[in-house]
Structure formats: structure tokens, C-alpha cells
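Asker: Quick one: this structure, given as C-alpha cells, is what I'll be asking you about.
The values are calculated or read from the model by the stated rules, or taken from the named source; none is laboratory data. Fair warning: this is a prediction, and the values are worked out from it, not measured in the lab. Every residue, glycine among them, receives a Cβ derived from its backbone with ideal geometry; neighbour counts consider all protein chains shown. Ligands, DNA and RNA are excluded from the accessible area calculation, which covers all protein heavy atoms including side chains. Shrake-Rupley method; radii C 1.70, N 1.55, O 1.52, S 1.80 Å.
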Amino acid sequence: MRNNLKKEDAHLDGIDTRLIELLYDNARIPVTELARAVGMTAPSVNERLRRLEESGVIAHYRVEVNPAALGYGLMAIVRMRQLPGKMKELEAQINSIAEIVECDKVTGDDCYIARLYLKDISELDPILDSISELADTNTAIVKSTPVKRRLLV
């Protein structure tokens, strides 16, 4: 699959965009409902979806889990700057921490920015302690998320 497609690269029209929006809101929406929403037949919508998948525009269909419903009421962002010679060890450690649900390797002063979920604040120090011999950290507790992950179309 191709990555980093731009809208003009994929030649998305208004119908493609609407289909993606509908799927983003509910990836389990039946093709018949998609077809009805865009005024097309189900086979035509299936063909469009196949084309969007093959071109890499639609990469996955996912379930979104609500962390709070599982008791994870606290989200933190941890910025990490690896200590000299510790890059591979740090990356392995990050991968081993189940509470880290997303991590980006970045440019700038930091090397990694990780998002993690905790049941309560007491879980944070053991995680940071497991990283402290590999990296300097800076942690922020997330109060709210005014902009959720957005759709790019």
C-alpha cells in the first residue's frame, strides 16, 4: 500500500470523501447504507471502496476503545530525550510498556513523544523509573482533548 497520499494524488471526489467520512464515523456501516447515503448502488460503492483500499487511502478498519470505560481515567504525554548510546534500549523499553498506546519518534530536542493511559497517578512513577536510566523525560497530564484525531479528507 502507498503511504502519505495527498487528496490530489488519490483523485478523491465528493462521493469518495463522503464514503470515507461515513466509515470514519462507523466502520461497520453496511454497504447498503453507504450506497443509500451517497445515492449509488451497493456494487458501485463496493468498487469505490476496493479502489480506495488498493490505493492505500483506506488503510484499516478499526475499533476504537474508550480507555475510561476500562478504568483508565488518566492520560499522560511523555516526552523523552535519550541518553547517549541508549536509543535502541529506549525504543525496546517503550515497546515493552503496555500503558504506552502511541509513540512517535520526532525531531527537535526530544527523541520520542509517547501517549499513555493510566488508572491513576500512582502508576506513572514506576513507568518513568523504568525509562529514567535510558532517557530524560518531561511529562504532561492531559486535562482534555479539544481536537480529537481528525479525518484528513
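Asker: Inside segment 19-47, can you point out the residues that are open to solvent by less than 60 Å² (accessible area, probe 1.4 Å) and β-branched (Val, Ile, Thr)?
Answerer: Of everything in segment 19-47, those that are open to solvent by less than 60 Å² (accessible area, probe 1.4 Å) and β-branched (Val, Ile, Thr) turn out to be Ile20, Ile29, Val31, Val38, Val45.
Asker: Can you tell me how many residues in segment 95-122 are basic (Lys, Arg) and either modelled with pLDDT under 95 or part of a strand (DSSP E or B) (or both)?
Answerer: So the answer is 2.
Asker: Are there any pairs, at least 6 apart or on different chains, whose C-beta atoms fall under 7 Å, with the first in segment 65-77 and in contact (Cβ under 8 Å) with a residue 60 or more places away in the chain and the second loosely packed, with under 14 Cβ neighbours inside 10 Å and not in a loop (DSSP other than H, G, I, E, B), and if so, which?
Answerer: Within 7 Å, the pairs are Leu74/Ile121; Leu74/Ile141; Met75/Val142; Ala76/Ala140; Ala76/Ile141; Ala76/Val142; Ile77/Ala140; Ile77/Val142.
Asker: Step by step: first the residues of segment 56-114, then only those that are in the same structural domain as Ala135 (by the TED database) and basic (Lys, Arg), then the one that is farthest from the chain's Cα centre (by Cα). Which residue is that?
Answerer: The residue in question is Lys86.
Asker: Criterion first (more than 30 Å from Ser132 (Cβ to Cβ) and among the aromatic types (Phe, Trp, Tyr)) does Tyr24 satisfy it? Walk me through how you get there before you give the answer.
Answerer: Details: more than 30 Å from Ser132 (Cβ to Cβ): yes; among the aromatic types (Phe, Trp, Tyr): yes.
Against the criterion (more than 30 Å from Ser132 (Cβ to Cβ) and among the aromatic types (Phe, Trp, Tyr)), Tyr24 qualifies.
Asker: Let me ask something else about it. Evaluate segment 3-18: report whether one residue or more is touching a residue at least 24 places away in the same chain (Cβ under 8 Å), surrounded by fewer than 12 Cβ atoms within 10 Å (Cβ to Cβ) and out of contact with any His (no Cβ under 9 Å at 6 or more places or on another chain).
Answerer: yes
Asker: Something else about it: For segment 42-52, state whether one or more residues are at pLDDT 95 or above, within 30 Å of Glu133 (Cα to Cα) and either assigned to a helix (DSSP H, G or I) or touching a helix residue (DSSP H, G or I) at 6+ places or on another chain (Cβ under 6 Å) (or both).
Answerer: no
Asker: What is the one condition in (1) out of contact with any Leu (no Cβ under 7 Å at 6 or more places or on another chain); (2) more than 22 Å from Leu124 (Cα to Cα) that Pro67 does not satisfy?
Answerer: All conditions are met except number (2).
Asker: Taking Gly71, is it modelled with pLDDT of 95 or more and open to solvent by 70 Å² or more (accessible area, probe 1.4 Å)?
Answerer: no
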